[in-house]
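Peer 1: Mind having a look at this structure? Questions to follow.
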Amino acid sequence: MKKVIILGSTGSIGKSAIDVIKSNPGNFKITALSAHSNEEELLKQAKVFNVKNLALTGTPPVDKSITYYSPKGLLDMIADTDADIVVNGVAGSDGLMPSVVSLKSGKNLALANKETIVMAGSLIANIAAQSNKKIIPVDSEHSAIFQLLQGKKKEDIDEIIITASGGAFRDLPAAELKNVKLEDAVKHPNWSMGTKITIDSSSMANKGLEVIEAYQLFNLPLSKIKVLIHPQSMVHSLIRTTEGSLYAQISKPDMRVPIQNALTWPELGPSLFGRLDLSGVTLTFQAPDFEKYRMLKLAYKAAELGQGSCIAYNAANEIAVDAFVNGKIDFLGIPYIAEHTIEKLGFKGIDTIEDIVEADKKTRTFVKEILGKV
């Protein structure tokens, strides 16, 4: 029986992970749970699964059974708790240090937090290697690539192709983006997700982060990482081998599938969440418009410039999305701020986790100064 810690257990990834564990009785035991501020839901989950180790990172807990509080308390809980694997469903850059502590404390990492790899790719890989632990991607796209690459030689891979839904504005002409509102940006056509990730899907910043993540995770040249818009969200990624063949991972758009694959790795579990029947199904693909999706174009630029620019890209996007949500900028202000930030900040010598945290902090200060002038 694998012992599992779920971080961000009240969010969409965390709830899906809990559903996987509930559907696999006898295979997993939850030993710790964390949430940001949803104390009521956290306590309900703890009661159902008899979990004693609980952490709340945002608002102070009211219930005294929650013994870990604050971001530092979350790291202490991870280090203190016996577990085989940690599901990191924490949103944004707050997920970096939980990933670091998970690996350093001898646990495999089922990673749904893109920012961990975007901000600290090579350093995280080194920590995993030193700890002799595995990073298993949970994002449906990277989970698919992870599976497709099994048994393949690196020199036989010609391309990695990441698919994208295209978000809320995939059918909207680029010229009309200047008029979109918050309520438009949070209407994802395929998925039910949190506000920030849904806006990232609308701008395709999420796909930009995934391009950087794939570049870091799979150690291939940036020129070999491509993106295709695939509205049906059934083909989660593809690889092309050198003789021209395409291999695709195709399944229902259900996050429980890649989460189960991560938790059962290196084995495959049973099919518990329905099989995809392709009879009568039409699958379509199209190239993304890089002028419409400027955040995707900027991600390639950031990856070319190096780790410091990837940190700047991520932090600038987080602050800009928050500003958009709060009505301080319009939708097109997001790529404007990200591009300006990358152009102005050129971090060098990113050699430690401390360097990454400092570069992230400086970027956020810089972006807030820009917003103060808007």
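Peer 1: Any residue in the range 312-324 that is in contact with a helix residue (DSSP H, G or I) (Cβ under 7 Å, 6 or more places away or on another chain), aromatic (Phe, Trp, Tyr) and over 21 Å from residue 179 (Cβ atoms)?
Peer 2: Yes, the range 312-324 has at least one match.
Peer 1: Looking at (1) over 17 Å from residue 293 (Cβ atoms); (2) acidic (Asp, Glu); (3) open to solvent by less than 30 Å² (accessible area, probe 1.4 Å), which is the one condition that is false for residue 141?
Peer 2: Tallying (1) over 17 Å from residue 293 (Cβ atoms); (2) acidic (Asp, Glu); (3) open to solvent by less than 30 Å² (accessible area, probe 1.4 Å), residue 141 fails exactly one: (1).
Peer 1: Going through the range 354-374 one residue at a time, which ones are among the small types (Gly, Ala, Ser) and buried (at least 17 other Cβ atoms within 10 Å of the Cβ)?
Peer 2: Answer for the range 354-374, where residues must be among the small types (Gly, Ala, Ser) and buried (at least 17 other Cβ atoms within 10 Å of the Cβ): just 359.
Peer 1: Can you name the residue in the range 170-186 that is of a type in the set (A, V, I, L, M) and assigned to a loop (DSSP other than H, G, I, E, B) and is also nearest to residue 286 (Cα to Cα) among such residues?
Peer 2: The qualifying residue nearest to residue 286 (Cα to Cα) is 172.
Peer 1: Sticking with this one: Looking at (1) farther than 22 Å from residue 200 by Cβ; (2) in contact (Cβ under 8 Å) with a residue 60 or more places away in the chain, which one does residue 267 not meet, given that it meets all the others?
Peer 2: (2)
Peer 1: From the list 343, 339, 291, which residue is part of a helix (DSSP H, G or I) and either modelled with pLDDT under 95 or under 20 Å from the mean Cα position of the chain (by Cα) (or both)?
Peer 2: 343
Peer 1: Further question: Does residue 301 qualify as being touching a helix residue (DSSP H, G or I) at 6+ places or on another chain (Cβ under 9 Å) and open to solvent by 70 Å² or more (accessible area, probe 1.4 Å)?
Peer 2: yes
Peer 1: In the set 284, 341, which member is among the polar types (S, T, N, Q) and surrounded by fewer than 23 Cβ atoms within 10 Å (Cβ to Cβ)?
Peer 2: 284
Peer 1: Which pairs have Cβ atoms under 6 Å, sit 6 or more apart or on different chains, and link a residue in the range 302-314 that is touching a residue at least 60 places away in the same chain (Cβ under 8 Å) and among the β-branched types (Val, Ile, Thr) to one that is part of a helix (DSSP H, G or I) and open to solvent by 10 Å² or more (accessible area, probe 1.4 Å)?
Peer 2: Short answer, once both residue conditions are applied: 311/360.
Peer 1: Among the residues of the range 212-232, how many are of a type outside the set (Val, Ile, Thr) and either touching a Lys or Arg at 6+ places or on another chain (Cβ under 8 Å) or open to solvent by less than 10 Å² (accessible area, probe 1.4 Å) (or both)?
Peer 2: The total comes to 6.
Peer 1: Could you please give the count of residues in the range 156-174 that are of a type in the set (Gly, Ala, Ser), in contact (Cβ under 8 Å) with a residue 40 or more places away in the chain and surrounded by 16 or more Cβ atoms within 10 Å (Cβ to Cβ)?
Peer 2: Counting residues in the range 156-174 that are of a type in the set (Gly, Ala, Ser), in contact (Cβ under 8 Å) with a residue 40 or more places away in the chain and surrounded by 16 or more Cβ atoms within 10 Å (Cβ to Cβ) gives 3.
Peer 1: While we're looking at this one, here's another question. Inspect the range 169-186 for any residue being modelled with pLDDT under 95 and touching a strand residue (DSSP E or B) at 6+ places or on another chain (Cβ under 7 Å) and give the result as yes or no.
Peer 2: Yes.
Peer 1: Looking only at the range 2-59, count every residue that is closer than 23 Å to residue 140 by Cα, of a type in the set (Gly, Ala, Ser) and in contact (Cβ under 8 Å) with a residue 40 or more places away in the chain and tell me the total.
Peer 2: The total comes to 9.
Peer 1: Considering the range 290-320 alone, what residues qualify as being farther than 13 Å from residue 207 by Cβ and touching a Pro at 6+ places or on another chain (Cβ under 9 Å)?
Peer 2: Within the range 290-320, just 320 meets the criteria.
The values are calculated or read from the model by the stated rules, or taken from the named source; none is laboratory data. Note that the structure is predicted; figures quoted are calculated from it, not measured. With ideal geometry, Cβ positions are generated from the backbone for all residues, glycine too; neighbour counts draw on all protein chains shown. Just the protein is used for accessible areas: all its heavy atoms, side chains included, with ligands, DNA and RNA removed. Shrake-Rupley method; radii C 1.70, N 1.55, O 1.52, S 1.80 Å.
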